[in-house]
Amino acid sequence: MSKSVWILMVGVLFLAACDGPDNPSVETGGMQEEAVGETDEPDLSITLEPGQMEWVGAQIFRNECAGKLECLVHWNEGEDFPSLGIGHFIWYPEGVEGRFVESFPALIQYMTQRQVAIPEWLRKLDPMDAPWPDRKAFLEAEDSVEIAELQAFLAGSQGLQAEFIVRRARESLQKVVSAAPESEQPLVRKRLKALAATPGGIYA
């Protein structure tokens, strides 16, 4: 496989974890499962055990947050939104529209579908907007019960966050295959399937 194809693969998977400006997966508002059969779509069905996915989540947490819990609920200086969880999922306050795709509400929707216990104050938000209008208000609330509960919730659900990231990545993988020379596409597809079969491959 050419070096350029490998670089493209890494780039697309990275953007699936972070929140690029044109990621379509969250604009649809949920996790849509593709029916993968005898088609050209790369089969990235998640077959890992929960404990294995927890391992993947822990590796992402260590890589993205250096294992620091405060990184799970953070608002970077100069940004209009907090970044949450191991994937730095974006959550816009009411009335804020940015060029990056919001992903935290979709994560909560996925957690709800998986019947995960979500903090009550978070579950009752309607609409699902960040409750802090700006970074100053967020910093003033850093010692609040809400942020403590949110941090604990995100620390305890790393495996499901990793699963959410992987499922989002699936939606970009056909672009990776299509970008390869036609003669190399079967091999690219085969290697993507092999990567999805192990915890180390999913993390890579």
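Residues in segment 109-119 that are open to solvent by 100 Å² or more (accessible area, probe 1.4 Å) and without any contact (Cβ under 8 Å) to a residue 60 or more places away in the chain: Arg114, Gln115. Residue count for segment 170-181 under the criterion of being open to solvent by 10 Å² or more (accessible area, probe 1.4 Å) and either in contact (Cβ under 8 Å) with a residue 12 or more places away in the chain or in contact with a helix residue (DSSP H, G or I) (Cβ under 6 Å, 6 or more places away or on another chain) (or both): the result is 7. For segment 146-160, filtering for residues that are open to solvent by 20 Å² or more (accessible area, probe 1.4 Å) and over 22 Å from Gln59 (Cα atoms) leaves 3. Here Glu27 does not fit the description of being in a loop (DSSP other than H, G, I, E, B), at pLDDT 50 or above and open to solvent by 80 Å² or more (accessible area, probe 1.4 Å). Scanning segment 79-99 for residues that are touching a residue at least 40 places away in the same chain (Cβ under 8 Å) and under 13 Å from the mean Cα position of the chain (by Cα), we see that the one that is farthest from Gly156 (Cα to Cα) is Ile90. Quick check: anything in segment 79-93 charged (D, E, K, R) and modelled with pLDDT under 85? Among the residues of segment 79-93, not one is charged (D, E, K, R) and modelled with pLDDT under 85, which makes the answer no. No other residue among Glu102, Glu163, Glu184, Glu142 is among the charged types (D, E, K, R) and either open to solvent by 60 Å² or more (accessible area, probe 1.4 Å) or free of Cβ contacts under 8 Å to residues at least 24 places away in the same chain (or both) apart from Glu142. Checking each residue in segment 53-87 for being of a type outside the set (D, E, K, R), more than 17 Å from Glu146 (Cβ to Cβ), open to solvent by 50 Å² or more (accessible area, probe 1.4 Å) and not in a helix (DSSP H, G or I) picks out Ala66, Asn76, Gly78.
Suppose the filter is open to solvent by less than 40 Å² (accessible area, probe 1.4 Å), over 27 Å from Val166 (Cα atoms) and not aliphatic (A, V, I, L, M); does Trp132 pass it? Here the answer is yes, as Trp132 does meet what is asked.
The values are calculated or read from the model by the stated rules, or taken from the named source; none is laboratory data. What you are looking at is a predicted structure, and each value in this text was computed from that prediction instead of being measured. Because the Cβ atoms are built from the backbone with ideal geometry, glycine has one as well, and the counts that use them run over all protein chains shown. Each accessible area value is taken on the protein alone, full model and side chains, heavy atoms only, with ligands, DNA and RNA left out. Shrake-Rupley method; radii C 1.70, N 1.55, O 1.52, S 1.80 Å.
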